[in-house]
Amino acid sequence: MQPRLELRNISKRYPGVVANDDVSLTIQPGEIHAVLGENGAGKSTLMKIIYGAAQADSGEIYCDGNLIAAHNPAMSRSLGIEMVYQHFALFESVSVVENIALSASSAFNLPSLAEKIRELSLRYGMPIDPHRQVHDLSVGERQRVEIVRCLLQAPKLLILDEPTSVLTPQAVVKLFGTLRQLAAEGCSIVYISHKLDEVQELCDTATVLRNGKVTGTARPKETTSLELARMMVGSRLPEMHVSPAAPSEKPVLEVRNLSAKARDHFGVDLEDVSFNVHGGEIVGLAGVSGNGQAELIALLSGERRHAQGDAIKINGTAAAALRPDERRRLGLAFVPEERLGRGAVPSHTLWENAVLTAHRFGTVRNGLVDRRRAAAFATGIIDRFKVKANGPDATAQSLSGGNLQKFIVGREIALAPKLLLVSQPTWGVDVGASAFIRQTIVDLSRAGTAVFVVSEELDELFEICDRLLVICKGRVSPPLVRTSTDREEIGLLMTGRTMGKDQTGGSSVALQD
Amino acid sequence: MRIAAPVLACVLTLIVGSLFFASLGHDPLPTLYAFFIEPLSSMNGLSEWLLKASPLILIACGLAIGFRANVWNIGAEGQFTMGAIAASGVGLFWPNPESALLLPLMFLAGMAAGMAWAAIPAFLRSRMNTNEILVTLMMTYIATLFLSYLVHGPWRDPAGFNYPQTALLPAAAMFQSFDPAYRLNSSIFITVVAVLLMWLFTDRSFLGYKMSVSGAAPLAARYAGFRESAAVWIGLLAGGAAAGIAGMAEAAGPLGQLSPQISPGYGFAAIIVAFIGRLNAFGIVLGGLLMSLLFLGGEGVQMTLALPSALTRIFQGILLFFLLAADFFIFYRIRLVRPVKDAPALETAR
Amino acid sequence: MELFIAIFTGTIIAATPLIFAALGELVVEKSGVLNLGIEGMMLMGAALAFWAVTAGYSMPVAILAGALAGAAASLLFGVLALTFLTNQYAAGLALAIFGSGVSAFLGRGFGSEPIEALHGVRIPVLSDLPVLGPLIFRFDPLVYLALLMFVAISWFLYRTKAGLILRTIGESPQTSHAIGYPVIRIRYMAVLFGGLMAGLAGAYLSVAYTPLWVENMTAGKGWIALALVVFATWQPLRVLLGAWLFGGMTILQLQGQALGLQVPSELLSALPYLATIVVLVLISRNRQMLALHFPASLAKPFRPAS
């Protein structure tokens, strides 16, 4: 059979890294083909090359037997190749149908396009209203828009980049149904993921990447998880050491009946949020992104303040009305989800970025920045947390994502916090650094610090947390003890299903079934 | 690396300038000589050079503090005017025109007026979220009209043959010239102090550090708990104070009175000086000397070659254009070139 | 009645350059680019159009020359801001300074003689109607062109695919690039269009509004046009209304001076600038309203990743 897509010896390098090194793979019509690899293995780059959003330095791409020379996304679409990005390519300020019209080749006729969208989305079991504004949609709904956009072009090859990272377990089941239906109709699917269980459940074949190289191909359904994992991460599989928690008697962080309006119409209102975090324990917050996590974390960190001071207490002190630096004096430290531009100033050096939050630790004296001490402080972090950097004078933007994250985590831990807030601790961080960061957080909590972790990765939360909270539509569930709950229960809470009296809660959340 | 872009921009401006003169039918070399060398070949020329560089550097230092924090005060011209008005007001109407306190009082009045004029946009930006670019600019027009009202109306010199200007300031209200033959005066020391303060503030102080975080990454500043409104206030007030003092020194120095043409565009030119100086204290000194030379040269060729003084503004614009463009070539191109060397295929990709 | 007609028509005429310049800038800003150099482009347009008239060219040619001068000036900004990715504030300021210098340089030989202004239209029957004739049907053609541009731009932005593309580039050039649109090229076209409109606004000033050459004759109108775009919260209809508001202010101020009001003329002259500040404050307080139509990528340099 003529393969739908064939890659031969694709290589691509960026300054300092080889993203793809001599990668070859073949995909048949109707095949669901996984590209499996850890963060940073080169999966996304490879997909961009297939789609034409990036150009390979060398190698060849064949589609239905024809060589594709230098191409671009528009050309790919005319060949029947469509891509659903991990971070969606949708415009917030316009409607669903306008978004889709932007990539449709048909005449600019919004009413007829809207009708088509309605039909198609129903046929594949993921209804969407074409006239809604995108900023009103949940993440799951946005993904539907992206997929419907691709399906309108009747694609021969559909590329999905980590499509489940933003979905509830239930929504994932639903998505897989749609993908199988598509494949049965003859569409080839490239499924990029780092999640073994999903790949084993859905995919016919898998190509595994590590450090930009193909380390193996497999039939995932006939291969054990251990074998796949070996191919992904090599022989060394990091292990976590999580000893039992010994929570302090009094809570370090107390949140009582915290309600807050969203600051703009892109945000989510928080409603009556209450929970505690004790010293020595890790409390995790699960939830589909865009359900109020950003608002909650900004209120906890002090980036946003609240009039009712005792809605948030840190070590017994009313803190909700305090600025971030004032809360830090109470023992707070915070690792935000955006490293560049929020956790660190991209163009500043590491020693300057150390001063950002460590200015009360001897790096500023008499109103002047003490460069020598700041550099020593930064060097201490670099050594202790094994940050790969050209010393304290390297700029933050010159570090890889994982190394910058280690630096920021290291800086916040060096402040000897009583309460640590961490948002998305290991986003885009390679497997070795992830394990290191998680272990560091666990160790910190076992030494008595109260830790609050927000993450969209359930695996991560189950790995390190002692108790779990679930956020949905701005409401936070009662705490669940990790050892006595499971993914099903958390998943249901993520869709708002069992959230007490208000049953309307589930109506527009993510992918309800 | 930091000076490569300004140097390149100057060279390109000179080349374009030569072509421009040639196209006007003037031999480029003598014209460039008249523009850039002749003004500096006499004692008086050197005195005028420093005299004009001083306000430019002073204002640019103040503005750069704001620019570093992304606070865009482009109304220094208005703050300069208000500084000159307030200082002259004190100088003209203080009960004792021979008081030794007169000059210090004028200094304070000029500074306070410049700050007050900048405080309005600072308040509006920090409290009302109002764009400071437009407000500072509108306030410049208002200041100019206010000056015009004063010199045409209540402050007009009754013995001035109906010219729109005030009476001359008393001697105690004037900076002393170093040499009666030349106009350069002791106000230049104010600029020297300002440059040192600016360096200390931006390069060493924690407050300056906070401002640079606000400018480079506003979310990081919020994350760390640095107040955005503080950056807005400090940024605008620094520019207002510097411009107000410069206006005072202009009135109490070379002019000695108020007239509608109090500033030859120092407030706007200082913006360019700040950029040429890379928002850095010592860079601004060089930038100010260069810009002062452009002003002098413009006046020179106006007199000797009958070329219009608008040339100065054209050169200012061209210089800034080239500086911005040179920045791109030096900071981006180098990053672009390296990977291309490693992997020639990238060339086709771009 | 006479006074009303004078005020009404005066308002419409005074608003015309603002409509051109602000609508042009609206399109530029909708694409995510902030060009602060309107004042410079207007001055170049004014100078070139005036020169063309004095050199004996016909009115349409002169006006076209003014518009093209504005476009040429905007190209300088475009190269810096779009190709060289410089700070757009700085590039716009450079253009404002440069334009005022070039126009003053060009204008040194223009003298102070007025030229014959652009004529009003004469439509049979309509122009001769009582009241309605002078009120609506006797303006010069550019007044009607300004209104036509308003209709055309509103239609373009909200009814065509090209307008949708432009608006979405203004929200997120990264996304537009990802789905295959030539962001830089489209932004260039927007910037050139903005320059064309600013040039037209300048030409209107020097050949129709005050058919005279005066150095820096725009007197801040370019900056007021910028403020109008903010005031209009990036919506064409509000640009139109805002321009009329400012036109009315200008005319009241002139009428006030003519009637010999007992206030300093400088105070009256300062009114438009004061009004600009006041409306900016009023509109800026409501962040939600500003955010609704705000081009999210405004003034942020964009370079497509390879």
Listed residues C:Val79, C:Val53; which is more than 17 Å from B:Phe321 (Cα to Cα) and part of a helix (DSSP H, G or I)? C:Val53
In the range C:115-137, what residues are part of a loop (DSSP other than H, G, I, E, B), open to solvent by less than 90 Å² (accessible area, probe 1.4 Å) and either without any contact (Cβ under 8 Å) to a residue 60 or more places away in the chain or more than 27 Å from C:Ala203 (Cα to Cα) (or both)? C:Gly120, C:Val121, C:Ile123, C:Leu129, C:Val131, C:Phe137
If you scan the range A:1-25, which residues turn out to be open to solvent by 60 Å² or more (accessible area, probe 1.4 Å), closer than 23 Å to A:Lys156 by Cα and touching a strand residue (DSSP E or B) at 6+ places or on another chain (Cβ under 6 Å)? A:Arg8, A:Asn9
Restrict the check to the range B:226-234 and report whether at least one residue is open to solvent by 20 Å² or more (accessible area, probe 1.4 Å), more than 11 Å from every other protein chain (Cβ to nearest Cβ) and under 18 Å from the mean Cα position of the chain (by Cα). yes
Conditions first: (1) surrounded by 20 or more Cβ atoms within 10 Å (Cβ to Cβ); (2) under 14 Å from C:Ser206 (Cα atoms); (3) away from every other protein chain (no Cβ under 14 Å); (4) of a type in the set (Gly, Ala, Ser). C:Ala71 passes all but one, so which condition is the exception? (2)
Within the range B:143-164, considering residues that are open to solvent by 50 Å² or more (accessible area, probe 1.4 Å) and within 24 Å of C:Ala219 (Cα to Cα), the one farthest from the other protein chains (Cβ to nearest Cβ): B:Tyr163
Scanning the range C:279-303 residue by residue, the ones that are closer than 21 Å to B:Ala217 by Cα and modelled with pLDDT under 85 total 3
Matching residues, the range C:117-138, being of a type in the set (D, E, K, R) and over 23 Å from the mean Cα position of the chain (by Cα): C:Arg122, C:Asp128
Looking at A:Gly279, A:Gly234, A:Gly212 in this structure, which one is within 24 Å of A:Lys313 (Cβ to Cβ) and open to solvent by less than 20 Å² (accessible area, probe 1.4 Å)? A:Gly279
Hits in the range A:384-404 - residues which are surrounded by fewer than 13 Cβ atoms within 10 Å (Cβ to Cβ) and not in a loop (DSSP other than H, G, I, E, B): none
Which residue, of C:Leu241, C:Leu196, is away from chain B (no Cβ under 14 Å), within 12 Å of the chain's Cα centre (by Cα), under 19 Å from C:Ala22 (Cβ atoms) and open to solvent by 10 Å² or more (accessible area, probe 1.4 Å)? C:Leu196
Would it be correct to say that C:Thr233 is within 18 Å of the chain's Cα centre (by Cα) and within 14 Å of chain A (Cβ to nearest Cβ)? yes
Long-range neighbours under 8 Å by Cβ, at least six apart or interchain, first residue in contact (Cβ under 8 Å) with a residue 40 or more places away in the chain within the range C:43-68, second among the hydroxyl-bearing types (Ser, Thr, Tyr) and open to solvent by 70 Å² or more (accessible area, probe 1.4 Å): C:Ala65/C:Tyr57
Would you be able to say whether some residue in the range B:199-220 is open to solvent by 50 Å² or more (accessible area, probe 1.4 Å) and under 20 Å from B:Gly83 (Cα atoms)? no
Residue by residue through the range C:84-106, note down the ones that are surrounded by fewer than 23 Cβ atoms within 10 Å (Cβ to Cβ), facing chain B (nearest Cβ under 8 Å) and either among the polar types (S, T, N, Q) or over 20 Å from the mean Cα position of the chain (by Cα) (or both). C:Phe84, C:Leu85, C:Asn87, C:Phe105
Determine whether B:Ser186 is among the hydroxyl-bearing types (Ser, Thr, Tyr) and either surrounded by 18 or more Cβ atoms within 10 Å (Cβ to Cβ) or in contact with a Ser or Thr (Cβ under 6 Å, 6 or more places away or on another chain) (or both). no
Answer yes or no as to whether A:Ala298 is out of contact with any helix residue (DSSP H, G or I) (no Cβ under 7 Å at 6 or more places or on another chain), assigned by the TED database to the domain that holds A:Val422 and among the hydrophobic types (A, V, I, L, M, F, W, C). yes
Entirely in the range A:100-207, the helices (runs of 4 or more DSSP H) that have 1 or more residues that are over 23 Å from the mean Cα position of the chain (by Cα): A:110-123, A:139-152, A:169-184
Residues located in the range C:138-167, provided they are closer than 18 Å to A:Glu98 by Cα, away from chain A (no Cβ under 11 Å) and either small (Gly, Ala, Ser) or not in a helix (DSSP H, G or I) (or both): C:Ser154
Matching residues in the range A:257-276 - criterion: being buried (at least 21 other Cβ atoms within 10 Å of the Cβ) and more than 23 Å from A:Asp466 (Cβ to Cβ): A:Ala260, A:Val268, A:Leu270
Some residue of the range B:121-142 being within 24 Å of the chain's Cα centre (by Cα), open to solvent by 30 Å² or more (accessible area, probe 1.4 Å) and within 8 Å of another protein chain (Cβ to nearest Cβ): yes
Condition check: modelled with pLDDT under 90, at positive phi and not charged (D, E, K, R). Does A:Gly428 satisfy that? yes
Does the range C:276-292 hold any residues that are under 21 Å from C:Trp244 (Cα atoms), more than 9 Å from chain B (Cβ to nearest Cβ) and open to solvent by less than 60 Å² (accessible area, probe 1.4 Å), and which are they? C:Val279
Any idea which of (1) crowded, with 19+ Cβ neighbours inside 10 Å; (2) touching a residue at least 40 places away in the same chain (Cβ under 8 Å); (3) away from chain B (no Cβ under 14 Å); (4) part of a helix (DSSP H, G or I) is the one C:Thr175 doesn't satisfy? (2)
Looking at A:Ala374, A:Ala358, A:Ala333, A:Ala354, can you tell me which residue is of a type outside the set (D, E, K, R), open to solvent by less than 10 Å² (accessible area, probe 1.4 Å), outside any helix (DSSP H, G or I) and within 14 Å of chain B (Cβ to nearest Cβ)? A:Ala333
At positive phi, facing chain B (nearest Cβ under 10 Å) and within 26 Å of the chain's Cα centre (by Cα): which single residue out of A:Gly290, A:Gly367, A:Gly343, A:Gly302 fits that description? A:Gly302
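So that you can scan it fast, the table gives a plain yes or no per residue for (1) closer than 26 Å to C:Leu240 by Cα; (2) modelled with pLDDT of 85 or more:
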site: C:Leu106; (1), (2): no, yes
site: C:Glu113; (1), (2): no, no
site: C:Arg138; (1), (2): yes, yes
site: C:Leu145; (1), (2): yes, yes
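The values are calculated or read from the model by the stated rules, or taken from the named source; none is laboratory data. The structure presented is a predicted model; accordingly, all values stated were derived computationally and were not measured. Every residue, glycine as well, gets a Cβ built from its backbone with ideal geometry; the counts of neighbours run over all protein chains shown. Only protein heavy atoms, including side chains, enter the accessible area calculation; ligands, DNA and RNA are left aside. Shrake-Rupley method; radii C 1.70, N 1.55, O 1.52, S 1.80 Å.
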